[in-house]
Every structure is written in structure tokens, then in C-alpha cells.
1. Would you kindly find the accessible area of Glu380, with a 1.4 Å probe and non-protein molecules such as ligands, DNA and RNA excluded, rounding to the nearest 10 Å²?
2. Extension gain Gln73-Phe334, at 0.36 nm per residue separation less the Cα-Cα distance, in nm?
3. Could you go through region 223-228 in sequence order and give the Karplus-derived ³J(HN,Hα) for each residue, using 6.51 cos²θ - 1.76 cosθ + 1.60 with θ = phi - 60°, rounded to whole Hz, and x for Gly and Pro?
4. List the aspartates and glutamates whose Cα sits under 12 Å from the Cα of Lys17, skipping any in the same chain fewer than 8 residues away.
5. Which whole-number percentage describes the relative contact order of the chain, with Cα contacts under 8 Å and a sequence gap of 6 or more?
6. Could you tell me the ratio Rg/Rh of region 125-274? Both radii from Cα atoms, Rh via Kirkwood.
7. In degrees from 0 to 90, rounded to the nearest 10, what is the angle of the helix 55-96 Cα long axis to the longest principal axis of the chain?
8. Please compute the modelled spin-label separation between Leu214 and Asp133, points set 7 Å along Cα→Cβ, answer in nm with one decimal.
Amino acid sequence: MDQCVTVERELEKVLQKFSGYGQQCERGLQELIEYTGGLRSEILQTSDQESELSGTLSIVLTQCCKRIKDTVQKLASDHKDIHSSVSRVGKAIDKNFDADISSVGIDGCWQADSQRTLNEVMVEHFFRQGMLDVAEELCQEAGLSIDPSQKEPFVELNRILEALKFRVLRPALEWAVSNREMLMAQNSSLEFKLHRLYFISLLMGGTTNQREALQYAKNFQPFAINHQKDIQVLMGSLVYLRQGIENSPYVHLLDANQWADICDIFTRDACALLGLSVESPLSVSFSAGCVALPALINIKAVIEQRQCTGVWNQKDELPIEVDLGKKCWYHSIFACPILRQQTTDNNPPMKLVCGHIISRDALNKMFNGSKLKCPYCPMEQGPGDAKQIFF
């Protein structure tokens, strides 16, 4: 992450220079336009079209040309300076990021089944982003046959999200009402918050919408138990319609951030109903790879330097533990305290009679005859007494 911060710092410098250069360029050119325009008006007023310019006007015109030339040269010089800043960004990228990451790849990792899985994940990602034409083109080129029923939910979700970005609530409200029972089973507040936003939009219309707002308030009835205080606040704001909500103690109801929040809530709850993760699996995998890549490149260099063959030759395991942060914690992973290895489908965790847990491989290695003694307590048990557990 330090490398990303370094590159980002250089990029911010370039953006600041671009912004400053643009303002300086616009200001300088505007001054020149005003100066030459005033000079032209002065020449037209003081000279006849057929007469020659006086010595004074000739000097003034010479100074004007020199001023234009100096301004253009200065702008060109500043533009060259920006080019050097842009080149520094490229050098920072080359310095902080390894262009060749093939060393951490494992030969044979992408077999036919794995390649197909990757293509399916990419198609799903494009569906999530609303890039349907790209997804369909990829399906054709990769030879994938996607059921139309897989695409339809994403089409609807993207249509509703696009409407929410333009502050159009009707499609989201219709979807929430049609899925009310399932949303309430998940203790979702989506439908209430959508009704709340629509009610606030009516309040912004002032006294002209007062009757419609009171009529619309009937939609809050199913949510009275769980959102009583919020409903009381909304109804109290009606008192200030005449002077305007923006000039009342209820001005917080007009916070623009709630539109971004409703998009996040809709995405989360809609994905939950469809049995999908909130984030695209491709985005999550890519982010995890960016975090893990520097450590893997370093350990690969150490392995090659010390000529440690056979340390990293498995496709489904890494030579070191890589901390991806709490954001990437999705399920529990058990590591055997005896063999210091993570359990897998072929080597699952086993619970002993005493309650201690070890891996199946450790269990098999510790059997002595027909009895097994727990490595943490003196209790003994038979070979068949251990039970597989699931996290």
C-alpha cells in the first residue's frame, strides 16, 4: 500500500498543476483579449482608415505584440513543466510496481475448468455493472451459454439504480412493495426509507404539497412499530412547511448523502434476496490480489535467492500467510495447532471427545495402536470417536 500512496501523491501533484495551469491560462488569455480589444477600439477612434499609424500607436502595437509573445512563451514553458511532472508519475509507477509479475504465477493453474469459471465470473461482473453488451460479447467469444434468467435480475437492478441516481424513486418503490414480505423477513428498512425519501421530496414543494404529503403519510402505517420516532419527526416537519424545511430545525431531512445511502441499501438488500454477494466476486478477488501481490513477489525472490526448491509448488496454497485485512474476512478458517496447516476438504478439522480440535492428518499421525491421547489433555479415545466439524 505504501507504493500506491507514493504514486497517488505524485498524481495529486500533477492534478494540482493541471488545475492551476488551466486557471492561469484562462486568466492570461482573457487579459490579452481585453487588452487587444481595448487597443483596437482606441485605434479605430483615433485614426482614419486610410491614414498611417502615428509613432505612438506603432510603439503601443509593438508592446502589445511583445506582451502576447511573452504570455504565449510563459504558457508553453509552464506546459513543458507539466509534461515533466507527468513523466515523474510514470517513473514512480515503474519504481514502485513490478511490471513483471509472472514469477508468482504457477504453471498449469488455469486449466479448462478454471478458465471457464473465470469467464463466468467476468460475465457476472459485467452484468452487475450494467454492461450487458460486453457480457454477451464475452459469452459468444468464450463459448458460454448463459441462461436468460441469470441476466434478468441484473437488468432490473441496474435500471432501478440508474433511476435512483437521478432521484427517481418510483421504480425502487414498486420493487420494494412487490418484495415486501421477503424484505421484512430480513428485517430490511429499505421500503420505509424509500417512502421516507418520497415524503421528504413532497415536503420540499412547500404548502402546495401539504395535502398530498398528508395523504402519502398513510404508507408509513406498516412501519409504525419499528420506525415510530422517524415517523414522528417526519410528521413534525409539516408544521414548518410555510417557512420552508430548509429554514427549520428539520433541515437535516434534506441531507443529500441519504440518496447515496439508499443506493447502497438497495444494492445490499436486493443482492441478499437474489442470493448474491454485495460486491462483485471479481472486484473482491482483484483487490485481494493487489494486497497480496507485493508480499508474494518478495517471498518468491527470497526462495529463488536461497535456492529453496519445493517450498512453493502447490496450486491451492501459499508459502506464507498474507493478511488481507478484515474487509476480506468472509468465513472462519481453522489451522491445525499440531501440524500448523490450514484445514482443507481433504484434511478437515476433527473434534475429539474432550472438545479439542485438530486436523485429520494430525489425528492419523497421533494414533498409537487402538488409542489416541489428546495432545492438550490426558483424555484418551478410540479411532472412530472423533467427529468432523464444519465452520
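The values are calculated or read from the model by the stated rules, or taken from the named source; none is laboratory data. Small disclaimer: the values here were computed from a predicted structure and weren't measured. Cβ atoms come from the backbone with ideal geometry, glycine included; neighbour counts cover every protein chain shown. Remember, those area values only see protein heavy atoms, side chains included, never the ligands or the DNA or RNA. Shrake-Rupley method; radii C 1.70, N 1.55, O 1.52, S 1.80 Å.
1. 110
2. Working: separation 261, 0.36 × 261 = 93.96 nm, distance 6.71 nm.
Answer, rounded to one decimal: 87.3 nm.
3. Once θ is set to phi - 60°, the couplings for region 223-228 become 10, 5, 6, 8, 10, 4 Hz.
4. Asp78, Asp81
5. Details: 257 pairs, mean separation 42.2, N = 391.
Averaging sequence separation for qualifying contacts and normalising by length gives 11 percent for the chain.
6. Ratio of gyration radius to Kirkwood radius for region 125-274: 1.08.
7. Around 10 degrees separate the two axes.
8. Modelled inter-label distance: 5.1 nm.
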